[in-house]
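Let me begin by presenting the structure, written as structure tokens, before commenting on it.
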Amino acid sequence: MATQTSINVSHLSKSFGSVEAVSDLSFSVQPGQVTGFLGPNGAGKTTTLRILLGLVAASSGSATFGGQTYRELPRPLAMVGTALEASSFHPGRTARDHLAIYATAAAIDRTRVDLVLDQVGLGGLSRRRVGGYSLGMRQRLGLAFALLGDPRVLVLDEPINGLDPEGIRWIRAFLRQLAEEGRTVLVSSHLLSEVHQSVDSAVIISRGRLVYEGSLAGLESTARVLVDAPDRAGLVAALRAAGAAIEQVGAALSVASLGAAEVGAIAHRAGVSLSLLNTEQAGLEDAFLALVGAESPPGGVPATTERIPA
């Protein structure tokens, strides 16, 4: 696995009848890091991954690995390892037999079977039937399948789901190791807390469109000004006249487009006395909420912000 390969999604769109699941979506995933693919339920993540892996045809645009679509890859399992369904294993087969069938079909050396099972901690359980595996064990088997062809790229859907705390710590370290080997790792997840501790960068989509692409540090560095006044109506009018975007956050107003000094100056010129003026650094979850609006964020946490009526 000497050559590094990036994932490139360019102006991707997909409609199912009148429903536009993905709309003009573009982003890239680079080698050597773990990238989180995030969005609320129904945001278009699954559709995007299915297009990327050649399971669904795009209406327009492209999704490629190093410039080639999945269907164009001469040896797909040697380029892309995937883990999309933790339950898609024949319950009557052993883990070793399951992987051996795929290795034979893909002309992969059978010695890889035992190697990857050991890598994911299933070496001592490889001859047990998969029907007796826990969900966490099936997640590990899915990861073993993804690694079978020693791929340059890994596309993993909810790899932490079903794992106990020890398993979660293990997979975080394992994903980091894979990225440090120069692989491209894309992890789809709805668990913000896990993403925060597991990935280097994030691609966030909402309603099928890209709303953020970049580092977690960049996402968390978003600051907002919390402000309030006894004459809230007068404050809102003054801020709106200055072109500020305002939301209600709890008992205060949030202004993301201006600094605290600017907000204070606007209130002073309008003759409005302030009861609160504070700069707050947004956390990952707050930043996510700001990006996806009123939709529920990953994990189903409801939005806590409310737009101020015009």
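Please treat every number below as a calculation from the coordinates, not as lab data. Computed from a predicted structure; not experimentally measured. No Cβ is skipped: glycine too gets one built from the backbone with ideal geometry, and neighbour counts run over all protein chains shown.
Would you mind computing the Rg to Rh ratio of segment 156-196 from its alpha-carbon coordinates, Kirkwood style for Rh?
Rg divided by Rh gives 0.95.
Sorting VAL56, VAL199, VAL9 on the 10 Å Cβ count, fewest up front, what's the list?
Numbers: VAL56 17, VAL199 25, VAL9 21.
Least crowded to most crowded, the residues run VAL56, VAL9, VAL199.
To the nearest 20 debye, what is the magnitude of the charge dipole of segment 7-218 about its Cα centre, counting +1 on the Cβ of each Lys and Arg and -1 on the Cβ of each Asp and Glu? Let's see the in-between values first.
Values: 21 positive and 18 negative charges, 98 e Å.
It works out to roughly 480 debye.
Residue exposure proxy: LEU135, LEU84, ordered by other Cβ atoms within 10 angstrom of their Cβ from fewest to most, comes out as LEU135, LEU84.
Electrostatic tally near ARG152: other residues with Cβ closer than 10 Å to its Cβ, Lys and Arg +1, Asp and Glu -1, net -1. Helix-only arithmetic for the chain: the sum of -39500 (n - 2.57) across DSSP H runs with n ≥ 4, divided by the residue total, places the mean residue ellipticity at 222 nm at -9500 deg cm²/dmol. Annotation: amide H-H contacts under 5 Å for ALA245 (H modelled 1.01 Å from N, sequence separation of 5 or more, or interchain): ALA256, SER257. Projecting the alpha carbon convex hull of the chain along each direction and taking the average yields 18.4 nm².
The Rg/Rh ratio of segment 81-161, with Rg taken over Cα atoms and Rh as the Kirkwood radius over Cα pairs, comes to 0.92. Quick note on segment 140-223: its Rg to Rh ratio, both from C-alpha atoms and Rh being the Kirkwood radius, is 0.97.
What order do you get for SER6, SER189, SER126 when you list them from fewest to most C-beta neighbours inside 10 Å? Arranged by neighbour count, lowest to highest, SER6, SER189, SER126 become SER6, SER126, SER189. Given R0 = 35 Å, the distance between the Cβ atoms of ALA237 and GLU280 translates into a calculated FRET efficiency of 0.90.
Between amide H atoms placed 1.01 Å from N, distances below 5 Å from LEU38 occur with VAL203, ILE204, ILE205, all of them 5 or more places distant or on a separate chain.
When the Cα positions of HIS190, GLY32, LEU117 are compared along the charge dipole of segment 7-218, LEU117 comes out farthest toward the positive end, with charges on each C-beta of Lys, Arg, Asp and Glu.
Taking all Cα pairs closer than 8 Å and separated by 6 or more residues, the relative contact order of segment 7-218 comes to 31 percent.
Dipole orientation for the chain: of the candidates ALA173, ALA103, GLN248, ALA103 has the Cα lying most toward the positive pole (charges on Cβ; Lys, Arg +1; Asp, Glu -1).
Based on the Cβ-Cβ distance of ARG93 and ASP164, what FRET efficiency does E = 1/(1 + (r/R0)^6) give at R0 = 35 Å, to the nearest 0.05?
It comes to 0.90.
Projected onto their three principal axes, the Cα atoms of segment 1-132 cover extents of 47, 34, 26 Å, largest first.
When the convex hull of its Cα atoms is viewed from all sides, segment 1-76 shows a mean projected area of 5.5 nm².
For the pair ALA256 and GLU181 in one chain, pulling the backbone fully straight at 0.36 nm per residue adds 23.1 nm over the alpha carbon distance.
Between THR279 and LEU226, the built amide H atoms are under 5 Å apart, and every one of these is 5 or more places off in sequence or on another chain.
Expressed in Å, the radius of gyration and Dmax of the Cα atoms of segment 170-272 are 19.8, 60.
About its Cα centre, how strong a charge dipole does segment 93-182 have in debye, to the nearest 20, once Lys and Arg get +1 and Asp and Glu get -1 at the Cβ? Spell out each step's value before the answer.
Values: 13 positive and 11 negative charges, 63 e Å.
Using Cβ point charges on Lys, Arg, Asp and Glu, segment 93-182 gives about 300 debye.
ARG209 sits among other residues whose Cβ lies under 10 Å from its own Cβ, and their net charge, with Lys and Arg +1 and Asp and Glu -1, is -1.
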